[in-house]
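Below you'll find the structure, written out as structure tokens, and then a few comments.
The values are calculated or read from the model by the stated rules, or taken from the named source; none is laboratory data. Predicted, not measured: the structure shown is a model, and the values here were computed from it. Here the Cβ is made from the backbone with ideal geometry for all residues, glycine too, and neighbour counts use every protein chain on show. Note: accessible area is taken over every heavy atom of the protein model, side chains too, but ligands, DNA and RNA are not part of it. Shrake-Rupley method; radii C 1.70, N 1.55, O 1.52, S 1.80 Å.
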Amino acid sequence: MSGAKIETVTCDVLVAGSGAAGFATALAASLHGLDVLMVEKEPLFGGTTAFSAGVIWIPINGHQKAAGVSDSREAALTYLTSHVGNRLDRAKAEAFVDTAPAMLDTFEREDFVEYELAATWADYHPDEPGGSQGGRSLVPTEYDGRKLGPWFEKLRPALTTMMPLGGMMVGRNDLPHVFKMTQSARSAWHITRMVARHAHDRLGHSRGTRLVNGNGLIARLAVHAFARGVPLWLNAPIAEIVSNGGRVTGAIVQREGKPVHVTARRGVVLACGGFPADADLKRKVYGHLAAGKNHQLLPPSGNTGDGVRLAQAAGGVFHGDVHEPAAWAPVSLVPQRDGSTVPFPHFFDRGKPGYVSVDRRGQRFVNEAQSYHVYVPAMVEACRNDPVVEAWVVCDHRAIRSFGLGALGPRPMRIAPFVRSGYVKMGQTPAALAQACGIDPSGLSKTIADFNALAAKGEDPAFHRGSDAYQRFNGAPGHKPNPCIAPLLTPPFYAVRVVPGELGTFAGIATNANAQVIDTHGQPVPGLYAAGNDAASVMGGTYPAAGITIGPAMTFGFIAARHIAAPA
Ligand SMILES: Cc1cc2nc3c(=O)[nH]c(=O)nc-3n(C[C@H](O)[C@H](O)[C@H](O)COP(=O)(O)OP(=O)(O)OC[C@H]3O[C@@H](n4cnc5c(N)ncnc54)[C@H](O)[C@@H]3O)c2cc1C
């Protein structure tokens with residue numbers, strides 16, 4: 001720091017970052033009676049969480065208990081031990097499983113969050129020891145963005161590709177109605193009400209105010225943080241950690257370009273959302289980038305690993321010994337009018353009946369109904385000798401009308417504009433479609449013929465699609481005999497190209513079970529904490545279930561606040 005006089009501000013806890021981890025920390029600290037300051041680097045708050053579905057994975061949660069869904073501490077820890085293997089940090093895993101239900105109970109009691117049971121949303125590997133057939137992943141309820149008042153316009157919107165009609169949010173619970181809107185009066189009424197509310201909203205707002213998913217989660221957290229008097233500075237990156245005698249005592253924050261010395265009497269919490277937008281660090285730890293291959297950023301561009309570098313400068317260490325350095329998702333690129341593209345993450349269409357995914361040889365490479373985190377490494381492996389990592393999600397006309405394809409929704413959304421923009425490729429035969437995509441025509445024709453041969457019977461001997469409860473959950477309910485499989489028979493055929501992307505990083509700052517940043521000797525750096533994607537994932541680089549980043553992000557924020565508040 002130079003000798004020039006700079007503004008000084010004092011608080012108990014300084015929280016850097018305004019995603020799920022940041023808000024959870026701030027609210028929990030406020031409940032402990034601490035004086036909190038939140039700082040956010042970007043002009044908008046909410047981070048990746050605002051893009052997300054907002055789902056949280058909380059074993060032995062109160063909603064399960066109320067609905068009579070059985071679960072136990074032992075089962076949850078058995079599942080993590082089995083799935084994560086020797087990269088599981090047992091102490092952190094126990095801290096998570098033991099604290100997550102209390103975090104949720106506390107936050108729901110205070111109205112900071114509101115979640116619903118998804119009783120059939122199974123863990124991603126439900127047949128592994130301790131796996132759940134449903135109930136640990138919880139879905140946020142909708143929230144009225146108007147409660148934010150003028151802050152509404154400062155809330156990061158969801159990805160534009162996930163908001164049809166110029167800013168209407170569609171939640172996980174809306175999707176079944178989207179798929180059935182032309183077949184069921186109830187679904188048609190649900191969608192009509194959504195569209196009517198949206199039309200009304202657009203008279204006075206830049207987008208719809210019926211917030212669902214991570215946008216609704218962040219809005220609700222923010223409303224309560226503001227009501228409790230927690231200030232949030234925008235355009236205010238934490239830039240330097242200040243220490244005194246080995247203890248972190250505060251930070252320099254660049255508020256609107258001007259340095260402010262923030263003294264944090266009790267602690268500084270890094271919740272800057274990891275490093276998905278740091279090209280250099282990613283090249284070091286993302287295998288396919290290190291090999292010179294392509295990758296598409298999905299989280300916001302401000303998540304540049306600031307927390308990681310600040311922790312390292314203060315004595316912390318980077319933990320890169322994880323199964324996968326990031327949470328992967330296949331992403332298609334939706335052309336925009338100005339010539340740019342916006343990413344669309346493929347969570348659901350891949351595993352529905354009437355779809356297959358193929359590489360440039362026209363060959364399948366994965367069980368398409370498994371999670372996005374499984375799909376991308378399989379795609380990278382299939383393309384190991386190709387200049388580019390890419391695949392195509394292929395379907396027939398019946399399927400695209402029922403479930404859509406990427407950013408193109410189902411009937412009544414029009415297909416033609418997406419074909420015209422080049423986003424969706426089309427052909428009257430598999431071979432013609434292959435030619436339009438640049439895929440080997442004979443390869444794709446043979447793959448579809450082979451798949452079709454057994455698809456009517458619901459069988460997929462090559463990859464066993466639909467073989468567990470998670471895959472079936474994402475299929476088409478009621479579609480028999482296998483909710484994930486139907487032959488591709490009805491022309492025209494369609495395809496959209498997907499490339500590797502991430503939902504956030506898994507490698508990160510080494511922390512202990514109290515969310516404290518630890519040094520090379522495994523000792524805490526006094527006064528310094530990390531939560532959310534800034535901290536190395538408690539899942540060891542695996543993706544065991546929906547909500548395994550935001551659930552732990554909020555839980556370790558809660559733990560950090562509890563530790564900070566505890567008497568020294
Ligand atoms: C489309 C999509 C869907 C997803 N769905 C889910 C889901 O349903 N469930 C789930 O568990 N995960 C989901 N994820 C992943 C999840 O969104 C992230 O893992 C999670 O939101 C990270 O939370 P966070 O609080 O650590 O970081 P973020 O939410 O990214 O917040 C970090 C904030 O810190 C700010 N920041 C960065 N540097 C600084 C600095 N120097 N000073 C101050 N602020 C700084 C950033 O600008 C950002 O606003 C999804 C991701 C995507 C992209």
Pairs only if they're at least six apart or on different chains, beta carbon under 6 angstrom, first in region 235-247 and within 24 Å of residue 45 (Cα to Cα), second of a type outside the set (Gly, Ala, Ser) and more than 10 Å from the ligand (Cβ to nearest atom); list them, first residue then second.
-> 235/256; 236/255; 239/252; 240/252; 241/248
Considering region 293-333 alone, what residues qualify as being more than 18 Å from the chain's Cα centre (by Cα) and under 27 Å from residue 425 (Cα atoms)?
-> 293, 294
Only one of 425, 457 is touching a Lys or Arg at 6+ places or on another chain (Cβ under 9 Å) and of a type in the set (D, E, K, R), namely 425
Does residue 116 count as part of a helix (DSSP H, G or I), in contact with a strand residue (DSSP E or B) (Cβ under 9 Å, 6 or more places away or on another chain) and over 24 Å from residue 536 (Cα atoms)?
-> no
Are any residues in region 22-41 farther than 13 Å from residue 267 by Cβ and either open to solvent by less than 10 Å² (accessible area, probe 1.4 Å) or without any contact (Cβ under 8 Å) to a residue 12 or more places away in the chain (or both), and if so, which ones?
-> 22, 23, 24, 27, 38, 39
Any residue at all in region 280-298 that is more than 23 Å from residue 23 (Cα to Cα) and of a type in the set (Phe, Trp, Tyr)?
-> yes
Reported set for region 459-505 where residues are within 16 Å of the ligand (Cβ to nearest atom) and open to solvent by 20 Å² or more (accessible area, probe 1.4 Å) is 473, 503
Does residue 65 meet the test of being of a type in the set (Lys, Arg), away from the ligand (no atom under 16 Å from the Cβ), open to solvent by 10 Å² or more (accessible area, probe 1.4 Å) and in a loop (DSSP other than H, G, I, E, B)?
-> no
For region 509-524, name all the residues that are open to solvent by less than 40 Å² (accessible area, probe 1.4 Å) and at negative phi.
-> 509, 510, 511, 512, 513, 516, 517, 518, 519
Of the numbered conditions (1) open to solvent by less than 40 Å² (accessible area, probe 1.4 Å); (2) more than 28 Å from residue 500 (Cβ to Cβ); (3) more than 10 Å from the ligand (Cβ to nearest atom), residue 286 satisfies every one except a single condition; which is it?
-> (2)
Search result, residues across region 393-410 that are under 16 Å from residue 444 (Cβ atoms) and β-branched (Val, Ile, Thr) | 393, 394
With respect to residue 172, is the statement that it is of a type outside the set (Phe, Trp, Tyr), surrounded by 14 or more Cβ atoms within 10 Å (Cβ to Cβ) and closer than 26 Å to residue 303 by Cα true?
-> yes
When residues of region 198-235 are limited to those that are part of a helix (DSSP H, G or I) and among the β-branched types (Val, Ile, Thr), the one surrounded by the fewest Cβ atoms within 10 Å (Cβ to Cβ) | 223
Might you check whether a residue that is closer than 30 Å to residue 562 by Cα and either of a type in the set (Lys, Arg) or in contact (Cβ under 8 Å) with a residue 60 or more places away in the chain (or both) occurs anywhere in region 485-503?
-> yes
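Each row is one residue, and each column tells you yes or no for (1) open to solvent by 10 Å² or more (accessible area, probe 1.4 Å); (2) away from the ligand (no atom under 15 Å from the Cβ); (3) not polar (S, T, N, Q).
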{"residue": "48", "(1), (2), (3)": "yes, no, no"}
{"residue": "53", "(1), (2), (3)": "yes, no, yes"}
{"residue": "69", "(1), (2), (3)": "yes, yes, yes"}
{"residue": "74", "(1), (2), (3)": "yes, yes, yes"}
{"residue": "82", "(1), (2), (3)": "yes, yes, no"}
Being buried (at least 24 other Cβ atoms within 10 Å of the Cβ) and of a type outside the set (A, V, I, L, M) is the filter; apply it to region 528-541 and report the residue that is nearest to the ligand (Cβ to nearest atom).
-> 532
Restricting attention to region 549-568, and to residues there that are farther than 18 Å from residue 105 by Cα and crowded, with 24+ Cβ neighbours inside 10 Å, which single residue is nearest to the ligand (Cβ to nearest atom)?
-> 549
Give the residues of region 267-281 that are within 15 Å of the chain's Cα centre (by Cα) and either assigned to a strand (DSSP E or B) or among the aromatic types (Phe, Trp, Tyr) (or both), sorted by residue number.
-> 275
